[in-house]
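Notes to accompany the following structure.
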């Protein structure tokens, strides 16, 4: 099965100032940082190489038509609907002609410890579809 789109929603707001504040928070107080997806995919200043390679991998290319990465405020603006459930962030959503489905919940995301574990979890879910 090929997925139309996976939407990755960070538990952070967009913008340069927010990005700098998030980076500082990761350094100063990593245990209280609120975005596990940010933590697993981005270092302090740039995307984690292992994650970047995974995004471009054959597995992703074969299973997902499009990847979309949004901050919480961007997601709410782009997908605003009174029928949309209240999501807990961060999360990964799967978009299809039937609408949006949770692909990986915030709770699942918080249980993941490393970038490798995140990649493995996504791979397993893709292969199970």
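Suppose the filter is under 13 Å from the mean Cα position of the chain (by Cα) and touching a residue at least 40 places away in the same chain (Cβ under 8 Å); does residue 59 pass it?
no
Only one of 101, 47 is closer than 18 Å to residue 11 by Cβ and without any contact (Cβ under 8 Å) to a residue 60 or more places away in the chain; which?
Result: 47 is the single residue among 101, 47 that is closer than 18 Å to residue 11 by Cβ and without any contact (Cβ under 8 Å) to a residue 60 or more places away in the chain.
Taking the condition more than 12 Å from the chain's Cα centre (by Cα) and within 17 Å of residue 6 (Cα to Cα), does residue 70 pass?
no
Go over the candidates 11, 18 one by one and state the one that is buried (at least 16 other Cβ atoms within 10 Å of the Cβ) and at pLDDT below 95.
11
The values are calculated or read from the model by the stated rules, or taken from the named source; none is laboratory data. Since the structure is predicted, the reported quantities are computational estimates derived from the model, not experimental observations. For neighbour counting, all protein chains shown are included, and Cβ atoms are generated from backbone atoms with ideal geometry for every residue, glycine included.
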